[in-house]
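Every number here is computed from the coordinates shown, using simple stated rules; none is lab data. Please read all numbers here as calculations on a predicted model, not as lab measurements. When we count neighbours, we look across all protein chains shown, and the Cβ atoms used for this are built from the backbone with ideal geometry, even at glycine.
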């Protein structure tokens, strides 16, 4: 017995509703895949070497490299957690062209872009309170993901311990960065970042939505036989 038109219509709506739900769930996972979405307001979403906030509490002076990654267009580490009153020193590697360091809220600004190896710029977070966050960028390379963040005292994010990060993120390729320390524990296994999880979730949702018409076509064909 062939189902009536109302039954077929309900079945079709159910299939499309399932596909839409899959996309919505995937999008939700993508947006909430990591604490960075909440803590940094999405600032680090397109920063491919962001792997959590590196814990540098207990250090009076913290170094962040300017010009890391495969193409020298990253800060390393991308996010650090420091004590109130700590000094962050940005040190240029000489890779990736000329860079600067500029806070989004204009708290600090290194000025003109520089490409000199060993050049440094520093800022002391003397007036920062626990829980403050300072997002910053390299002005000419912001569009390609050269951004970073400094969190003070506390952070709602995955914490990377000093022992785990080996002291830096010099070269995410694990090879050509130079001083062996940065690529030491990236060769064997790679921890999923927020971007990885978001891309996977979104891909699964889109795939589910694309499969819905195929299921519906198969269902219609079965009705006619």
Kindly state, to the nearest 0.05, the FRET efficiency for residue 156 paired with residue 60, given R0 = 25 Å and r defined as their beta-carbon distance.
0.55
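What's the exposure ranking of 110, 161, going from fewest to most Cβ atoms within 10 Å? Don't jump to the answer; show the numbers that get you there.
Working: 110 22, 161 9.
Ordered by Cβ neighbours within 10 Å, fewest first: 161, 110.
Counting other beta carbons within 10 Å of each Cβ, put 115, 154 in order, fewest first.
Ascending Cβ contact count within 10 Å gives the list 154, 115.
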